[in-house]
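Each remark here refers to the structure printed beneath this line.
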Amino acid sequence: MIPHASGRVPDWAERRARDGAMLVALDFDGTLSPIVPRPADAAMLDEARTALESLARRPDTRVAIVSGRGLADVRSRVALDALYYAGNHGLEIEGPGVHRVHAEAQRARPSLDACMEQLQSLTLAAEGVLLEDKGLTLSVHYRLVHEPAAAAALVQEVRRRCAGHDDIRLTEGKKVVEIRPRVEWDKGRATRFLIEQLLPAGPVIFVGDDSTDEDAFRALDGRGEGVIVGDPTPVDTAAVSFVRSPHEVAELLAALARTS
């Protein structure tokens with residue numbers, strides 16, 4: 001079993017002191033905010049906000065939020081100006097001195113519109129299903145669908161209704177189906193982009209809880225470490241350490257902010 005991430009803090013701090021800089025990147029839902037039935041109700045923990053503020057004040061630490069939420073959405077929920085934000089799994093990125101929108105992703109909007117039209121009647125008819133338009137992507141949330149057979153049938157119906165568009169692809173996370181442009185981009189590539197822009201040298205830590213965060217964990221091979229949030233801890237993760245909850249994420253960030 002991988003170790004608890006609290007034991008890794010001294011080594012991260014030592015590497016930061018040696019190299020003079022560090023990047024800490026985090027998912028939002030399930031990492032800084034507890035998972036809630038309705039995505040619109042998600043809010044960052046107060047202790048996580050305090051820890052992020054302390055971490056971002058350090059001149060040797062860059063902080064980025066890399067989320068499946070739309071950029072404007074996640075930025076409004078975190079609302080810290082000194083941070084870097086990557087929305088829609090990194091298809092749009094901005095922060096001090098950085099602004100990037102994936103050009104190819106924008107061209108898939110007509111297919112997303114067609115898919116959304118097909119899904120609207122489904123989400124209206126199926127109780128507990130929410131359709132979210134995030135600009136560059138769509139999400140179908142079904143956390144309120146409690147019957148496993150109904151959830152599985154819903155996922156298959158979403159796939160059927162959005163089939164036939166070569167420029168979009170469907171991926172799955174925790175009780176969500178994501179409809180994304182078919183481009184070679186994900187949280188891992190977004191994190192590598194941030195590293196290239198912000199951190200010529202120094203350790204990189206990525207904290208996340210979902211299957212889409214595994215792309216980021218794998219992208220850190222040889223450069224940093226992934227921290228998975230979960231209880232129980234997934235056995236097939238590419239992360240090298242774990243915490244159990246967003247509350248423990250906040251504690252981890254606070255500890256890293258305090259170290260010299």
ask   = If only one of R169, R192 is in the same structural domain as C115 (by TED's automatic domain parsing) and either buried (at least 17 other Cβ atoms within 10 Å of the Cβ) or not in a loop (DSSP other than H, G, I, E, B) (or both), which one is it?
value = R169
key: Filtered residues of segment 100-133 (kept if over 18 Å from H165 (Cβ atoms), free of Cβ contacts under 8 Å to residues at least 24 places away in the same chain and charged (D, E, K, R))   = E127
ask   = Within segment 178-193, can you find the residues that are of a type outside the set (S, T, N, Q), closer than 17 Å to E214 by Cβ and in contact with a strand residue (DSSP E or B) (Cβ under 7 Å, 6 or more places away or on another chain)?
value = E178, R180, K187, A190
request  = Could you pull out the residue among V183, V207 that is farther than 20 Å from D29 by Cα and surrounded by 17 or more Cβ atoms within 10 Å (Cβ to Cβ)?
outcome  = V183
key: Complete set of residues in segment 196-227 that are in a strand (DSSP E or B) and touching a residue at least 24 places away in the same chain (Cβ under 8 Å)   = V204, I205, F206, V207, G208, G224, E225, V227
ask   = How about segment 86-111: which of its residues are in contact with a Leu (Cβ under 6 Å, 6 or more places away or on another chain) and modelled with pLDDT of 95 or more?
value = G87, N88, L91, E92
message = Between G222, G230, G226, which is closer than 17 Å to V24 by Cβ and assigned by TED's automatic domain parsing to the domain that holds P203?
response = G226
inquiry  = I'd like the residue in segment 65-81 that is aliphatic (A, V, I, L, M) and crowded, with 24+ Cβ neighbours inside 10 Å and, out of all such residues, is nearest to the chain's Cα centre (by Cα).
reply    = V66
ask   = Taking segment 46-70 only, how many residues are in contact (Cβ under 8 Å) with a residue 60 or more places away in the chain and more than 14 Å from V24 (Cα to Cα)?
value = 5
request  = Collect the residues in segment 144-157 that are out of contact with any Gly (no Cβ under 8 Å at 6 or more places or on another chain) and either over 16 Å from L124 (Cβ atoms) or surrounded by fewer than 19 Cβ atoms within 10 Å (Cβ to Cβ) (or both), keeping them in residue-number order.
outcome  = E147, P148, A149, A150, A151, A152, A153, V155, Q156, E157
query = Any idea which of A25, A40 is among the small types (G, A, S) and surrounded by fewer than 20 Cβ atoms within 10 Å (Cβ to Cβ)?
reply = A40
task = With respect to R75, determine if the residue is in contact with an Asp or Glu (Cβ under 9 Å, 6 or more places away or on another chain) and either more than 29 Å from E53 (Cα to Cα) or at pLDDT below 95 (or both).
result = no
ask   = Which one of these is at pLDDT below 95, in the same structural domain as D11 (by TED's automatic domain parsing) and among the aliphatic types (A, V, I, L, M): A201, A216, A163?
value = A201
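The values are calculated or read from the model by the stated rules, or taken from the named source; none is laboratory data. Owing to the predicted nature of the structure, the values given are computational and were not obtained by experimental measurement. With ideal geometry, Cβ positions are generated from the backbone for all residues, glycine too; neighbour counts draw on all protein chains shown.
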